[in-house]
Amino acid sequence: MNRKNIIRPKQASLKNIKGDIRILTSGNGIFVADKFPNDEFFIPQHFLRGSFNGDKVLINNLFSPDRSFAKGRVVKILKRANHRFRAIIYQLNQTWYANIDINQTKKIRLSETPLELEQYDIVDIEIDNWDAGRKRATANILNVICHHNDANADLLFLTGKHQISKTFNKDVFKEIKTISKDKILKIGKDRLDLRSLRTFTIDPEDARDFDDALSIQKSVKGLDLWVHISDVSTFVKPNTLVDKSAKERGNSYYFPEKVYHMLPEILSTKFFSLEPQETRLSFSIKMSLDEDTNVKDYQIFECLIKSDRRYTYEQVNSILKNNKDDSYSDSLRSLDKITKIWKSNRLKNGGFEVYSNEWTSDYDNKGTPIDFRKKLIGPAQRIVEECMLMANKIIAKELFRHANKDNTLSLYRNHEIPSIYNENKIKKILTRLDFKLNQKNKNITSKNIHEFLNSISNAVLKKYVSILILKKLKKAVYGSSPRGHYGLHFELYTHFTSPIRRYADLQVHRLIKSYIYGHATEPIENLTESIEKANDGEIRGSLVEREYRVLKNLRYLKSSHLKSFDGYIQEFSKFYIHIHINIGDISGLIEIKNLSSDSYSISSDGMKMRAKYSKATLSVGQKLLVKLEKIDFAHQKIFFVIEKSFNN
């Protein structure tokens with residue numbers, strides 16, 4: 001688990017560095033230089049000079065001795081990545097504007113007044129002048145997509161904005177016509193036939209794809225636990241049309257209204273998903289467990305399987321909680337016992353988990369959430385999660401063993417240790433809450449974080465502090481060499497268990513087959529491209545998921561009869577108190593300038609804000625009663641005012 005992207009001394013005075021800009025959700029940018037793509041430069045929002053995501057720019061490096069990363073400023077925009085965008089339009093002071101992103105660095109004024117359109121309608125635009133003003137561009141409307149109150153408005157805005165398509169080229173469908181159930185049976189004749197092995201799936205009630213299934217049986221020395229994963233790679237070959245379209249998508253995108261599949265839906269549902277009573281090809285791991293549930297041995301097989309039963313999380317949780325009996329209850333209880341021990345051991349060894357809530361909702365005919373309900377987390381989710389973690393860990397071990405022997409690259413899931421800068425931020429959070437670190441350890445470990453979170457007795461504070469820490473950690477990414485997984489505390493990790501919906505997993509299947517069976521695989525340069533596409537797809541997916549949730553939250557608050565809410569302070573920034581209300585996953589802002597006539601300062605660890613004269617103090621995790629002040633659809637922001645604060 002190595003630190004990377006530390007500024008090189010020879011780069012300290014570089015000027016006119018050419019490369020690409022990626023805009024972060026914070027509004028700041030990351031610059032990747034053409035000549036040294038392994039180094040990243042942090043570009044503060046005020047130094048972006050009007051650049052948009054993907055633009056080709058020149059930067060000057062700014063030496064920053066107090067930080068662990070390189071910093072720069074954009075000095076010239078060489079080439080715009082795009083000129084056409086999906087946008088939300090809004091009117092301000094009799095002038096119409098288009099908003100394509102909440103952090104766009106220039107306002108986009110519409111060249112013509114859209115007489116037939118209304119506030120927040122969805123359109124496609126084309127920029128006709130990038131330099132209409134120092135901080136303004138102008139654009140024409142190309143197409144009207146839908147009105148603001150259309151039930152699919154949020155979906156159409158986001159899929160257009162992020163260029164997510166549901167359609168596939170006609171030639172893709174011609175290519176996959178040869179896939180049939182008869183072909184599955186024909187290929188299966190040369191495989192290990194496990195159709196008689198009792199097998200079942202466990203998934204959310206609203207699951208659309210079924211990548212994985214489980215089996216468990218007694219053996220002479222203990223138990224054999226099977227993790228079966230749909231064998232997509234047998235039919236989706238490298239460099240075919242269906243493969244190229246899957247690579248571009250990177251993964252599937254799931255919305256309540258519909259799914260935008262990585263693979264054509266007919267493949268996902270008719271031939272790949274492990275549906276009950278359907279014969280399928282699988283790539284399966286057999287884990288031999290001893291009496292203490294340790295994995296003493298494992299084997300990997302190409303198999304023919306048939307799932308006997310589909311369970312939902314709710315059904316499994318009910319069986320285990322209420323001690324019900326059915327045909328598979330003994331298997332479920334065995335898996336419950338095994339995964340309890342696995343999770344306990346994983347956390348003891350240094351992994352940690354984030355404490356948060358997941359919410360679900362029903363929608364009215366305008367796409368507005370009617371209510372919010374907490375998703376209940378029980379043993380079913382743990383069973384699936386721990387079995388998939390173990391499978392991924394085993395496959396990563398195999399990847400490394402073969403790649404190391406052949407001195408070649410592979411595909412891993414890496415979560416690197418925090419930067420020195422953010423590590424110090426985390427240490428300050430721990431110190432503020434009276435957690436004593438072992439000073440013999442130079443770096444803060446994931447085990448430190450786990451022990452710290454467990455030491456917090458206040459459940460609300462634990463939730464918000466864990467989210468605050470999570471924001472200080474690096475994002476997990478795919479890479480061609482193993483750098484470890486900080487959050488899980490695994491030295492080796494990959495993604496193997498979801499090849500129907502994640503391109504990285506499909507590639508891992510191909511690599512493992514090339515190692516075990518000598519199947520042909522792609523050149524290294526193709527693997528590198530696949531990793532880049534997988535990372536791009538994941539970033540796109542997380543952005544879309546977040547924005548969709550925010551847009552639905554805006555609609556809910558606008559339509560709700562409730563105007564006052566219990567909320568909790570998430571964090572402080574220069575101009576805002578960030579608040580999370582206790583309904584759904586709704587976050588908003590309190591403008592510090594609107595507080596009482598006082599001046600405020602934020603503590604160095606970011607955990608408290610103190611008034612200079614009244615000495616009043618607010619803290620992360622503190623409960624507030626807040627009132628809805630205003631909603632800004634175009635910029636996806638919610639503003640509250642404080643009605644009452646409560647002591648922790």
Next item on the list: Kindly provide the set of residues from segment 144-159 that are farther than 16 Å from GLU248 by Cα and not in a loop (DSSP other than H, G, I, E, B), ordered by number.
Entry: VAL144, ILE145, CYS146, ALA153, ASP154, LEU155, LEU156, PHE157, LEU158
Note to self: Are there helices (runs of 4 or more DSSP H) fully within segment 436-546 with at least 3 residues that are open to solvent by 30 Å² or more (accessible area, probe 1.4 Å) and among the basic types (Lys, Arg)? List them.
What the structure shows: 459-472
Margin query: Given the criterion at pLDDT below 95, open to solvent by less than 10 Å² (accessible area, probe 1.4 Å) and either over 29 Å from the mean Cα position of the chain (by Cα) or not charged (D, E, K, R) (or both), identify the matching residue among SER282, SER268.
Written below: SER268
Next item on the list: Of the numbered conditions (1) under 26 Å from the mean Cα position of the chain (by Cα); (2) part of a strand (DSSP E or B), MET287 fails exactly one; give the number of that condition.
Entry: (1)
Note to self: Which of the numbered conditions does ASN322 fail, given that it passes all the others? Conditions: (1) more than 26 Å from HIS489 (Cβ to Cβ); (2) surrounded by 13 or more Cβ atoms within 10 Å (Cβ to Cβ).
What the structure shows: (2)
Checklist line | Top-ranked residue in segment 567-586 [being open to solvent by 10 Å² or more (accessible area, probe 1.4 Å) and without any contact (Cβ under 8 Å) to a residue 60 or more places away in the chain; ranked as nearest to ASN458 (Cα to Cα)] | finding: ASN582
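Every residue, every condition in (1) touching a residue at least 40 places away in the same chain (Cβ under 8 Å); (2) of a type outside the set (Phe, Trp, Tyr); (3) outside any helix (DSSP H, G or I); (4) out of contact with any helix residue (DSSP H, G or I) (no Cβ under 9 Å at 6 or more places or on another chain), yes or no:
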| residue | (1), (2), (3), (4) |
| --- | --- |
| MET388 | yes, yes, no, yes |
| ALA391 | yes, yes, no, yes |
| ILE395 | yes, yes, no, no |
| GLU398 | yes, yes, no, no |
| ASN404 | no, yes, no, yes |
| THR408 | yes, yes, yes, no |
| ARG413 | yes, yes, yes, no |
| PRO418 | yes, yes, yes, no |
| LYS425 | yes, yes, no, no |
Checklist line | Residues of segment 111-127 classified as assigned to a strand (DSSP E or B) and at pLDDT below 95, total | finding: 0
Next item on the list: Scan segment 222-259 residue by residue and report those that are touching a helix residue (DSSP H, G or I) at 6+ places or on another chain (Cβ under 8 Å), closer than 22 Å to MET390 by Cβ and acidic (Asp, Glu).
Entry: ASP231
Notebook entry, point to check: So, of the residues in segment 401-415 that are at pLDDT below 95 and open to solvent by less than 80 Å² (accessible area, probe 1.4 Å), which turns out to be nearest to the chain's Cα centre (by Cα)?
Noted result: SER410
Notebook entry, point to check: Looking at (1) more than 27 Å from ILE426 (Cβ to Cβ); (2) among the aliphatic types (A, V, I, L, M); (3) at pLDDT below 95, which is the only condition VAL620 fails?
Noted result: (1)
Margin query: Looking at LEU589, LEU618 in this structure, which one is touching a His at 6+ places or on another chain (Cβ under 8 Å) and either surrounded by fewer than 17 Cβ atoms within 10 Å (Cβ to Cβ) or within 13 Å of PHE572 (Cα to Cα) (or both)?
Written below: LEU589
Note to self: Based on this model, can you work out whether LYS630 counts as outside any loop (DSSP other than H, G, I, E, B), without any contact (Cβ under 8 Å) to a residue 40 or more places away in the chain and within 19 Å of TYR90 (Cα to Cα)?
What the structure shows: yes
Item checked: Of all residues making up segment 130-139, the number that are open to solvent by 60 Å² or more (accessible area, probe 1.4 Å) and either at pLDDT 95 or above or closer than 17 Å to GLN91 by Cβ (or both) -> 1
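Every residue, every condition in (1) assigned to a helix (DSSP H, G or I); (2) within 30 Å of LYS258 (Cβ to Cβ), yes or no:
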{"residue": "ILE300", "(1), (2)": "no, no"}
{"residue": "ASN317", "(1), (2)": "yes, yes"}
{"residue": "SER327", "(1), (2)": "no, no"}
{"residue": "ARG333", "(1), (2)": "yes, no"}
{"residue": "ASP336", "(1), (2)": "yes, no"}
{"residue": "ARG346", "(1), (2)": "yes, no"}
{"residue": "GLU353", "(1), (2)": "no, no"}
{"residue": "ASN357", "(1), (2)": "no, yes"}
Notebook entry, point to check: Inside segment 553-566, can you point out the residues that are among the charged types (D, E, K, R) and open to solvent by less than 20 Å² (accessible area, probe 1.4 Å)?
Noted result: ARG555
Notebook entry, point to check: Which of the residues that make up segment 346-361 are farther than 30 Å from PHE255 by Cα and open to solvent by 60 Å² or more (accessible area, probe 1.4 Å)?
Noted result: LYS348, ASN349
Next item on the list: Just give me the residues in segment 367-386 being closer than 19 Å to PRO204 by Cα and either part of a helix (DSSP H, G or I) or in contact (Cβ under 8 Å) with a residue 60 or more places away in the chain (or both), in sequence order.
Entry: PHE372, LEU376, GLY378, PRO379, ALA380, GLN381, ARG382, ILE383, VAL384, GLU385, GLU386
Notebook entry, point to check: Between a first residue in segment 349-366 that is in contact (Cβ under 8 Å) with a residue 40 or more places away in the chain and under 30 Å from ALA153 (Cβ atoms) and a second residue that is open to solvent by 50 Å² or more (accessible area, probe 1.4 Å) and of a type in the set (S, T, N, Q), which pairs have beta carbons less than 7 Å apart while being 6 or more apart in sequence or on different chains?
Noted result: LYS366/ASN149
Notebook entry, point to check: If you go through segment 219-239 one residue at a time, do you hit one that is over 26 Å from SER165 (Cβ atoms) and open to solvent by 50 Å² or more (accessible area, probe 1.4 Å)?
Noted result: yes
Next item on the list: Give segment 160-187 a look and list any residue that's of a type in the set (Val, Ile, Thr) and in a helix (DSSP H, G or I), or say none.
Entry: VAL172, ILE176, THR178, ILE184, ILE187
Note to self: One residue is enough: does segment 184-199 have a residue meeting the conditions polar (S, T, N, Q), touching a strand residue (DSSP E or B) at 6+ places or on another chain (Cβ under 7 Å), open to solvent by 40 Å² or more (accessible area, probe 1.4 Å) and more than 30 Å from SER361 (Cβ to Cβ)?
What the structure shows: no
Next item on the list: Evaluate the following for LYS375: is it surrounded by fewer than 16 Cβ atoms within 10 Å (Cβ to Cβ) and modelled with pLDDT under 90?
Entry: yes
Margin query: Whether any residue in segment 147-162 is more than 29 Å from HIS46 (Cβ to Cβ) and more than 32 Å from the chain's Cα centre (by Cα) is what I want to check.
Written below: no
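The values are calculated or read from the model by the stated rules, or taken from the named source; none is laboratory data. Everything quoted here is computed from the prediction, not taken from an experiment. No Cβ is skipped: glycine too gets one built from the backbone with ideal geometry, and neighbour counts run over all protein chains shown. We work out accessible area using only protein heavy atoms, side chains counted, and drop any ligands, DNA or RNA first. Shrake-Rupley method; radii C 1.70, N 1.55, O 1.52, S 1.80 Å.
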